[in-house]
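**Student:** Before anything else, here's the structure in question.
The values are calculated or read from the model by the stated rules, or taken from the named source; none is laboratory data. Keep in mind that this is a model prediction, so the values were computed, not measured. Here Cβ is always computed from backbone atoms with ideal geometry, including for glycine, and neighbour counts include all displayed protein chains.
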Amino acid sequence: MLLFWFLFGRAGAAFGTAAGIVLGFSVANFYKIQLRDDPLLAIDLTTVGEAGDILSRYQLTFHWKIGVTIFAVVFGLLFAHFLMRGRPPGRRVRAIGAAAVLVCGAACAPLYANDTLYDKQVAGTELIDIWSDMQVYVSKGFVYPFLHSIPDAFPHPPEGYDEEQAQALLGAYEDGTIEEDEQVNIISIMLEAYMDLSVFENDRFQLSQDLYAPLHELQAECVSGPLVTNIFAGGTKDTEQGFLTGYTDPGTYRSPVNTYVWYLRSQGYTTEGFHPGGGWFYNRKNVNEYFGFERYLFVEDFEVEDRSDEFFFAELKEMWESRDKSAPYFNYSLSFQNHGGYDTASTGEVSYVVQGELSDETYNMLNNYLTGVADTTQRLADLADYFRDCEEPVVLVFFGDHMPWMGNGNSGYTDMGLNLDLGDQEGFMNYYSTRYYIWANDAARAVTGNDFVGEGEAISPCFLMSKVFDLCGWEGPAYMQAMRTVSQRLPVIQSLGNYMEGGVITQTLSPEGAELAADFSSLEYYWQNHFAYADLISD
């Protein structure tokens, strides 16, 4: 307002302009949250055309609070115009004043952009869910979070990025086509905090019963290997989005972006999924639409709030049975049941762990975690049996998103005697690895000519879909074809700056590996920012 006073020389014009900008954006933010459970960010200004298209599908209801605000603005405008007549003296003073305001604004910019400061300023935590970006945004008003979002509105290309070179890298390939006689249905499941802890048994940690027996029997019929994630005990969306997009460092999405979901949809696949959590969490309600899912269900889409795996796997079967059987089918779903934390004060009637030297807290945590995992494991085996004799070809892909949480400071893992030393390759793999499993019924094996059995290499989530396509005998989109050359030499690429080259985790690549990594980084950035499936978006 002070800036506009120096520019215009009148208090009424200054107040009216500032109020028009701030409150105009605030109203847009209000309706965006009402319609999509998603606040207004600076990056949304780059998709104003799409926003207009979205608004045309809804009927906006005038809210009385907006009426009160308009009245207050009009009153303030009239008050300033008639009763605040003072004007800055001369053009020189006005120019100096405007410059001083801009300098002060620039000096404050780092404070508004500071993530640590932003994360601390959360009001009314007892009234909101701090895991909801939208609710955290609202708790800070409108101006602060909007200004904080401005740096993210500008793309940050990788060092040495050359758009023409990246386009040429991608242009060396053509999208493959999945012919009708090559089509198989894909059911992919990311299991919350699911991990086979039996691989960590040692002198301090022993299972008292073989709860993983159904998994190991199923594993013998799978291609399976380590999935080296970017995260530990949290950050589910990172692994999820890496699998669906093929990107090493998933970002914040505000508009449609190239994914493997869109590619499968372009090949005639029905694309849908289910998560028994809230659609607001990680903004999945909107992001999954941007990713190309035609339908995605959340807990709020059901009359009963049930987050159990009993409900989850039953709904998966229901979605399969009610699908459009005239089209091939892709389903990506995410469970909730084994989400931490796990009770440390008591445990259930069934013991899955030999207590030995384990503390009571660790013993209880493990038993409570494994109680859910035992149930999940049996339901996975039952799902494979459900599809086993199905006449339709089905490929089942399942994997854990990250290791389970085991106490503050990893106290439970320390108690278990587990090596989590990130400076040691074994500790690094223990810390970041879960496991992927790719299983196919007889019908799918016949279609693909592949037996889907064997030990797979360690890979990052961004390469997992490519692994599935390889087993299905599909070329995939041009982006996937280009990245295969990278994955053969660098099967693990972490957003944290770690790689696997020659079977060794390293931050220092060979010249050939460094060149591949740089090319892939440019290719990834280009593909993220040049959406190719606009023709699939319905009006």
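**Student:** So how many residues does the stretch 156-169 have that are surrounded by 12 or more Cβ atoms within 10 Å (Cβ to Cβ) and part of a loop (DSSP other than H, G, I, E, B)?
**Tutor:** 4
**Student:** Also, I was wondering about something else. Of all residues in the stretch 131-150, how many are of a type in the set (Ser, Thr, Tyr), farther than 12 Å from residue 30 by Cα and assigned to a helix (DSSP H, G or I)?
**Tutor:** Residues in the stretch 131-150 being of a type in the set (Ser, Thr, Tyr), farther than 12 Å from residue 30 by Cα and assigned to a helix (DSSP H, G or I): 2 in total.
**Student:** Within the stretch 155-177, work out how many residues are of a type in the set (A, V, I, L, M, F, W, C) and either touching a helix residue (DSSP H, G or I) at 6+ places or on another chain (Cβ under 6 Å) or in the same structural domain as residue 400 (by TED's automatic domain parsing) (or both).
**Tutor:** Result for the stretch 155-177: 3.
**Student:** Which residue, of 150, 186, is hydrophobic (A, V, I, L, M, F, W, C), touching a residue at least 12 places away in the same chain (Cβ under 8 Å) and closer than 30 Å to residue 135 by Cα?
**Tutor:** 150
**Student:** Of the residues in the stretch 202-238, how many are more than 16 Å from residue 420 (Cβ to Cβ), out of contact with any Gly (no Cβ under 8 Å at 6 or more places or on another chain) and not small (Gly, Ala, Ser)?
**Tutor:** 16
**Student:** Picking from 382, 421, 415, which residue would you name as being buried (at least 20 other Cβ atoms within 10 Å of the Cβ), acidic (Asp, Glu) and either assigned to a helix (DSSP H, G or I) or in the same structural domain as residue 224 (by TED's automatic domain parsing) (or both)?
**Tutor:** Result: 415 is the single residue among 382, 421, 415 that is buried (at least 20 other Cβ atoms within 10 Å of the Cβ), acidic (Asp, Glu) and either assigned to a helix (DSSP H, G or I) or in the same structural domain as residue 224 (by TED's automatic domain parsing) (or both).
**Student:** Another question, then. Would you point out which residue out of 486, 453, 492 is in contact with a helix residue (DSSP H, G or I) (Cβ under 9 Å, 6 or more places away or on another chain) and over 30 Å from residue 362 (Cβ atoms)? I'd like the intermediate steps shown before the answer.
**Tutor:** Working: 453 fails: in contact with a helix residue (DSSP H, G or I) (Cβ under 9 Å, 6 or more places away or on another chain); 492 fails: over 30 Å from residue 362 (Cβ atoms).
Testing whether each residue is in contact with a helix residue (DSSP H, G or I) (Cβ under 9 Å, 6 or more places away or on another chain) and over 30 Å from residue 362 (Cβ atoms) leaves just 486.
**Student:** Let me ask something else. Given the conditions (1) assigned to a loop (DSSP other than H, G, I, E, B); (2) among the hydrophobic types (A, V, I, L, M, F, W, C); (3) buried (at least 21 other Cβ atoms within 10 Å of the Cβ), which single one is not true for residue 365?
**Tutor:** Condition (1) is where residue 365 drops out.
**Student:** Do the conditions hold for residue 326, that is, is it assigned by TED's automatic domain parsing to the domain that holds residue 434 and farther than 29 Å from residue 242 by Cβ?
**Tutor:** Here the answer is yes, as residue 326 does meet what is asked.
**Student:** Turning to a different aspect of this structure: Name the residue that is nearest to the chain's Cα centre (by Cα), counting only residues in the stretch 205-226 that are within 23 Å of residue 407 (Cβ to Cβ) and buried (at least 17 other Cβ atoms within 10 Å of the Cβ).
**Tutor:** 212
**Student:** Using the structure shown, decide if residue 391 is part of a loop (DSSP other than H, G, I, E, B) and either farther than 22 Å from residue 229 by Cα or outside the structural domain of residue 474 (by TED's automatic domain parsing) (or both).
**Tutor:** For residue 391, the condition - part of a loop (DSSP other than H, G, I, E, B) and either farther than 22 Å from residue 229 by Cα or outside the structural domain of residue 474 (by TED's automatic domain parsing) (or both) - is met.
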